[in-house]
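Here is the structure we will look at, set down as structure tokens.
The values are calculated or read from the model by the stated rules, or taken from the named source; none is laboratory data. Keep in mind the model is a prediction, meaning the values are calculated, not measured. For neighbour counting, all protein chains shown are included, and Cβ atoms are generated from backbone atoms with ideal geometry for every residue, glycine included. When the accessible area is computed, the model is the full protein with side chains, heavy atoms only, and any ligands, DNA or RNA have been set aside. Shrake-Rupley method; radii C 1.70, N 1.55, O 1.52, S 1.80 Å.
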Amino acid sequence: MARKVVVLGAGATGEAFAAALRRHEPDAEIAVVEHELVGGECSYWACIPSKTLLRPLEVVERARLAPGADAAVSAVDAERVFAWRDEVSEKDDSSQARWVTGTVGAELVRGTAVVAEPGLVRVGERDLPYDALMIATGSRPVVPRIEGLAEVPFWGSREGTSASAVPATLAIVGGGAVGCELAQVYRRLGAEVTLVQNGAHLLPRLDPEAADILADAFREEGVELRFDAKATRVEGGGDLPFRLELEGQEPVEAERLLVATGRKPNVDGLGLEKLGLQIERKGIVVDERLRAGEGVWAAGDVTGVALFTHVGKYQGRIAAGDVAGHDVRADYRAIPAAIFTDPQVAATGDTSGEGAVTASWKVESVARTGTFQKPKRPGLLKLYADPERRVLVGATAVGPEAGEWLGQLTLAIRAEVSVDVLRDTIQPFPTFSEAVHFAARDLPL
């Protein structure tokens, strides 16, 4: 008898799980439940629209830094930038829905799912019994405790990536990946941008040295940065400018207010308490096989392990393998992350520096930088290595397309490639990845 599998959420994680399970179990009866658009947050309100918005603005900046091309650069056409964004991340999920039902061969059930009892999910008046349940319900923005925020029409990340007009002035609360990317989008589109960060650095999860390079680039472009600034109260909006009060600093006034202070798991109102799961503040607790309980798996943002689309896809594939009875376990030693600002900031593995030796190399010192832009812009590659095992444990990079050329270091960490092999690896010339050789050479091992 075919196994019945229900998937809660048709975002990237749920799709990856369903597709992988279909490869493992061709006869499984898979039902995917989605209450919004098939494809999820990443496709329509996050990764895809934000990176599409950033791309034409980066191209213009690159041309300005290339002698001979700079004279051909004209002003950015914001209307066409927004139009391309709409084309790429059109709020029409028909093609992805066809992929789920056709290519994957799953049933798509639209609506809000609630666990009625173990083994049974209810969507409206429809009952969906299951042998295996995958919870891939993602996350939603955190709304910080700022007096008056609930009464004003502020932007969240969705509004920030969906807007089709450039405000004259924009205040952003939050200096993480979303806040930084959208700060550069709107500044390069012509807005006066003030970014408020309750801490000493942008991108607080990453190496401060890398974050400071990005901060300097932002200042050069005219983004005002307010560090160690705690937002306490806000008023305005509509016909009046927003007035954001900061503890110990001058207030910020702006036409628009964008709040990007993190995300939290979507676990409320789903009836998950009936399943006896362990749910903590960061999300559903899972083991290395993504098991959350008897006959229940969870993957993606809802687990709180690492809120990246690529991690959700990876977890979905691992969970599908476990559901199908394969001996698989998740390995998080080398989770890559990229912030698609200009310059890009990327990291992989453990960059805390605890118990590690480090070495850095300036990206502007490799030959590729001189062929890429004038004047040269600062960049960095920093490696973190285990001195006893003589292998990399982490890496941080700042520079053009850093998220691309950091890939070899993700593999090196995951495969435990020795530093000696990295030192002896031939890097192509002239490329930014030449920095890998020099940084590895200088590790005190």
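A few remarks follow.
- Of all DSSP beta bridges confined to the chain, the antiparallel ones make up roughly 60%.
- Top of 63, 12, 210 by mean-square fluctuation, Gaussian network on the chain, Cα under 10 Å: 63
- For segment 59-128, the list of GluC sites (Glu not before Pro) that fall in a loop by DSSP and count at most 16 other C-beta atoms within 10 angstrom reads 90, 125.
- Each DSSP beta bridge with both residues in segment 31-165 is either parallel or antiparallel, and the antiparallel ones are about 65%.
- Across segment 217-315, Cα pairs under 8 Å and at least six residues apart give a relative contact order of 15 percent.
- Residues residue 367 and residue 291, FRET efficiency given R0 of 35 Å [Cβ-Cβ distance, rounded to 0.05]: 0.10
- Residue-averaged 222 nm ellipticity for the chain, from DSSP H runs of 4+ at -39500 (n - 2.57), nearest 500: -8500 deg cm²/dmol
- Mean Cα-pair separation over length for the chain, i.e. relative contact order, pairs under 8 Å, 6 or more apart, %: 15
- Under 15 Å from the Cα of residue 91 - aspartates and glutamates, other chains or at least 8 residues apart: 34, 36, 41, 159
- By the Cβ distance rule (another cysteine Cβ under 4.7 Å), the unpaired cysteines of the chain are 180.
- Local electrostatic count at residue 318 - Lys and Arg +1, Asp and Glu -1, tallied over other residues with Cβ under 13 Å: 0
- Peptides 264-271, 275-282, 286-293, 251-258 ranked from most to least packed, by the mean per-residue count of other Cβ atoms within 10 Å: 251-258, 286-293, 264-271, 275-282.
- Packing rank of 430-439, 215-224, 113-122, where each peptide gets the mean count of other beta carbons within 10 Å, highest leading: 430-439, 113-122, 215-224
- Segment 72-125, relative contact order [Cα under 8 Å, separation at least 6], %: 17
- Directionally averaged projected area (convex hull, Cα atoms, segment 1-127), nm²: 10.6
- For segment 173-319, the carbon plus sulfur part of the accessible surface works out to 44%, probe radius 1.4 Å.
- Note on segment 155-245: antiparallel DSSP beta bridges, both residues inside, total approximately 35 percent of the bridges counted.
- Fraction of alpha-carbon pairs over 30 Å apart in the chain - percent: 51
- At 0.692 mPa s and 37 °C, Stokes D of segment 198-296 from Kirkwood alpha-carbon radius, µm² per second: 188
- Segment 117-195 and segment 294-337 have Cα centres separated by 23 Å.
- Taking packing as the residue-averaged number of other Cβ atoms within 10 angstrom, the listed peptides 48-57, 132-141 run from highest to lowest as 132-141, 48-57.
- GNM top mover of 104, 38, 302 - the chain, alpha-carbon springs below 10 Å: 104
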